[in-house]
Amino acid sequence: MNITFIGLGIMGSRMAANLLKNKIKITVYNRSKSPAEELKTKGAAVASDLKSAVQNADVVFTMLSAPDVVEKIATGEKGFLKSMKKNTLWVDCSTVNPSFSLEMARKAAKREIRFLDAPVAGTKPTAEAGELTFFVGGNQNDLEEVKNLLQHMGTKILYMGEHGRGTAFKMLVNSMLAQSMAAFSETLIFGEKIGFDKDLLLNILPALPVTAPFIKAKAEKIRNKDYDTQFPLELMHKDLKLATLTAKEHECDLPLAEQTKKIYKKASQSGLSREDFAAVYKYLQDKL
Ligand SMILES: NC(=O)c1ccc[n+]([C@@H]2O[C@H](COP(=O)([O-])OP(=O)(O)OC[C@H]3O[C@@H](n4cnc5c(N)ncnc54)[C@H](OP(=O)(O)O)[C@@H]3O)[C@@H](O)[C@H]2O)c1
């Protein structure tokens, strides 16, 4: 199989590196050149444009920031879909909204290209370790075709149903993730305001059963004032926009997610957009 990987940011570069580590030959493409050159040293073939990246591919993976970017790269004027061979498979691992995934599946089908939405849970270290969780939507036979490839990048491959069900599930995951981080940050600041030592709070709160497990790692980032990016705050804001949009499409209101979205929006606008989303603590610290 000829495999192509498009989108070599924090996640994509590590996912592609794991394919290479497992002796899978891949062609890579990225808008900015340096991540692709880095993977060249690990054995990847580097394509200089989208057409040459996909024209011989049997499977194309994308890991791009947001729906507008996926749209431009896949179906835009210079998009890769028109250069893919018929009956090949496009696996979109980007976090996008389910109605967008359905639109991409339809556009791919028009060109006789098969499609899977396969967003992931996990972050920079999990991607590096090949321990991501994939939520997959689409045809189960198509999933079987690429399962061994996904298993080089992740340890859990969860089939969620038809097209759009993978990204639908991902909406739930990140809505909860964003709110838990904001709730922990607010609680920590509350604790400090009422006179508890910050280190004591950071030692005790993350270990309690009321706290989400991922908070342990984020608490250490807060303690060390280390907001080095694992998951950019601006992308968390994007995910809350997509989750609330999805809810609206189903005539459902999400009051907590809506409120949290406003907080991440303001945090992003305050200069924290490319810091880790744990920096929402820094933003709230100045506000509360
Ligand atoms: N980081 C995480 O912890 C995490 C976890 C789960 C899911 N995700 C999701 O995975 C996806 C990728 O996340 P990431 O953290 O890897 O993001 P990232 O580091 O910001 O990378 C984004 C990728 O999209 C490309 N891109 C952005 N705008 C573009 C444009 N206008 N034209 C062409 N390419 C463009 C970037 O190219 P350049 O390199 O040229 O900028 C890069 O390859 C997102 O949908 C995110 O929500 C992230």
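No lab work stands behind these numbers, since they all come straight from the coordinates. Being a predicted model, the structure only gives us computed values, none of them experimental. In this analysis, Cβ positions are derived from the backbone assuming ideal geometry, glycine residues included, and neighbour counts consider all displayed protein chains.
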Taking the stretch 86-116 and the residues there that are of a type in the set (Ser, Thr, Tyr) and touching a helix residue (DSSP H, G or I) at 6+ places or on another chain (Cβ under 7 Å), the one that is surrounded by the fewest Cβ atoms within 10 Å (Cβ to Cβ) would be Ser99
At least 3 residues that are within 10 Å of the ligand (Cβ to nearest atom) and not hydroxyl-bearing (Ser, Thr, Tyr) in each: list the helices (runs of 4 or more DSSP H) lying fully within the stretch 32-133 that qualify.
67-75, 124-129
Helices (runs of 4 or more DSSP H) wholly in the stretch 198-252 with at least 2 residues that are in contact (Cβ under 8 Å) with a residue 40 or more places away in the chain - which ones?
215-223, 233-249
From the set of residues in the stretch 151-171 that are closer than 26 Å to Leu240 by Cα and assigned to a helix (DSSP H, G or I), which is nearest to the ligand (Cβ to nearest atom)?
Lys170
Positions within the stretch 1-28 being within 15 Å of the ligand (Cβ to nearest atom) and in a loop (DSSP other than H, G, I, E, B), in sequence order
Gly7, Leu8, Gly9
Within the stretch 193-221, track down each residue that is closer than 27 Å to Ser94 by Cα and of a type in the set (A, V, I, L, M).
Ala212, Ile215, Ala217, Ala219
Would you confirm whether any residue within the stretch 101-108 is free of Cβ contacts under 8 Å to residues at least 60 places away in the same chain, under 23 Å from Ile10 (Cα atoms) and either polar (S, T, N, Q) or in contact with a Lys or Arg (Cβ under 9 Å, 6 or more places away or on another chain) (or both)?
no
Ser268: more than 21 Å from Thr167 (Cβ to Cβ), free of Cβ contacts under 8 Å to residues at least 40 places away in the same chain and within 15 Å of the ligand (Cβ to nearest atom), yes or no?
yes
Flagged in the stretch 109-152 as in contact (Cβ under 8 Å) with a residue 60 or more places away in the chain and over 24 Å from Leu81 (Cα atoms), in numbering order, are Thr123, Lys124, Pro125, Ala127, Glu128, Gly130, Leu132, His152
Log entry, pairs with first residue in the stretch 11-22 being over 16 Å from Thr123 (Cβ atoms), second being near the ligand (Cβ under 10 Å from one of its atoms) and part of a loop (DSSP other than H, G, I, E, B), beta carbons closer than 8 Å, six or more apart or on different chains, reads Ala16/Leu8
